[in-house]
Amino acid sequence: MSRTIHDISLPLSARLPVWPGDPPPAIVRTADLAAGAACTLTEVHLSAHAGTHVDAPAHYLAAGTTVDALDLDVLIGPAEVVDLGDVAAVDAAVLAALDVPGHVARLLLRTRNSAAWSAGDPSFRADFVAVTADGARWLVQRGVRLVGIDGLSIAPLADIATPHIVLLSAGVVVIEGLDLSGVSPGTYDLVCLPLRLVGAEGAPARAVLIGPA
Ligand SMILES: [Zn+2]
């Protein structure tokens with residue numbers, strides 16, 4: 001049986017847009033076969049929130065779970081990709097209008113952010129599309145266990161804390177920095193595995209969608 005695997009992770013490189021104040025990813029060769037070394041070796045310097053990554057509750061909650069202790073059951077399983085077109089913000093009304101089936105536990109939001117990734121612009125854009133506080137409350141009330149978005153933050157710059165706190169305190173796993181430009185809306189199997197960084201509030205992840213179902 002053939003299957004299609006869509007890589008929805010951002011490529012980590014020095015050209016990747018990063019959050020203001022974060023260092024750009026540095027992938028540094030410390031030994032190089034081409035320079036006569038016995039093997040090639042690389043050292044990596046990253047923010048835990050570089051590129052495609054998972055936010056754990058400890059990101060905004062003092063006693064919150066850290067990324068190494070997240071329940072992998074939430075990070076692997078059926079997920080619904082929805083297309084939000086050109087909306088400027090993902091609020092409760094936008095989410096309600098999607099008519100997402102009641103059983104959906106993992107929701108991936110494709111917005112105009114994804115087009116910016118495929119354009120390859122390395123600058124940080126402050127006008128990224130994000131989930132508002134009432135959008136976050138809607139997701140929690142709706143029983144969503146995982147939400148992913150194609151911007152570097154689930155929350156807008158104007159209110160960066162509230163949507164994070166609403167989602168993380170309800171145990172919703174948040175994936176940020178997805179590239180959904182290459183996938184159509186529909187049902188897929190999601191596999192998203194953050195690095196097991198002990199005690200960290202987030203971690204870079206490889207995320208793929210298998211399908212559509
Ligand atoms: Zn984050």
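Yes or no: region 40-47 includes at least one residue that is under 13 Å from L152 (Cβ atoms), of a type in the set (A, V, I, L, M, F, W, C), surrounded by 16 or more Cβ atoms within 10 Å (Cβ to Cβ) and within 16 Å of the ligand (Cβ to nearest atom). The answer is no, given that none of the residues of region 40-47 is under 13 Å from L152 (Cβ atoms), of a type in the set (A, V, I, L, M, F, W, C), surrounded by 16 or more Cβ atoms within 10 Å (Cβ to Cβ) and within 16 Å of the ligand (Cβ to nearest atom). Quick check on V147: is it over 29 Å from S2 (Cβ atoms), under 10 Å from the mean Cα position of the chain (by Cα) and not in a loop (DSSP other than H, G, I, E, B)? Taking the combined requirement at face value, the residue satisfies it. Name the single residue, out of those in region 178-205 being among the charged types (D, E, K, R) and within 16 Å of the ligand (Cβ to nearest atom), that is surrounded by the most Cβ atoms within 10 Å (Cβ to Cβ). Filtering region 178-205 for residues that are among the charged types (D, E, K, R) and within 16 Å of the ligand (Cβ to nearest atom), the one surrounded by the most Cβ atoms within 10 Å (Cβ to Cβ) comes out as D179.
Name the single residue, out of those in region 166-177 being away from the ligand (no atom under 12 Å from the Cβ) and buried (at least 18 other Cβ atoms within 10 Å of the Cβ), that is nearest to A62 (Cα to Cα). In this case the residue turns out to be V166. Return the residues of region 191-213 that are assigned to a strand (DSSP E or B) and either touching an Asp or Glu at 6+ places or on another chain (Cβ under 9 Å) or farther than 19 Å from D68 by Cα (or both); say none if nothing qualifies. Result: P194, G202, A203, R206, A207, V208, L209, I210.
Pairing residues of region 86-109 that are over 25 Å from A207 (Cα atoms) with residues that are of a type in the set (F, W, Y), at Cβ distances under 7 Å and at least 6 apart in sequence or on separate chains, gives A92/W138; A96/W138. For V144, the criteria (1) in contact with an Asp or Glu (Cβ under 7 Å, 6 or more places away or on another chain); (2) crowded, with 18+ Cβ neighbours inside 10 Å hold in every case but one, which is (1). Condition first: of a type in the set (S, T, Y), within 21 Å of V74 (Cβ to Cβ) and in a loop (DSSP other than H, G, I, E, B). Can you find one or more residues in region 152-165 that meet it? Within region 152-165 (the criterion being of a type in the set (S, T, Y), within 21 Å of V74 (Cβ to Cβ) and in a loop (DSSP other than H, G, I, E, B)), the answer is yes, since at least one residue qualifies.
Of all residues in region 1-23, those being surrounded by 11 or more Cβ atoms within 10 Å (Cβ to Cβ), within 16 Å of the ligand (Cβ to nearest atom) and farther than 19 Å from G148 by Cα number 2. Among the residues of region 1-36, which ones are without any contact (Cβ under 8 Å) to a residue 60 or more places away in the chain, aliphatic (A, V, I, L, M) and part of a strand (DSSP E or B)? Result: A26, I27, V28, A31.
Annotation note: Cβ proximity below 9 Å between a residue of region 53-73 that is within 13 Å of the ligand (Cβ to nearest atom) and a residue that is basic (K, R) (sequence gap 6+ or interchain) occurs for V67/R196.
Here, each number is a calculation from the coordinates, and none is a lab measurement. This is a predicted model, so every value here is computed, not measured. No Cβ is skipped: glycine too gets one built from the backbone with ideal geometry, and neighbour counts run over all protein chains shown.
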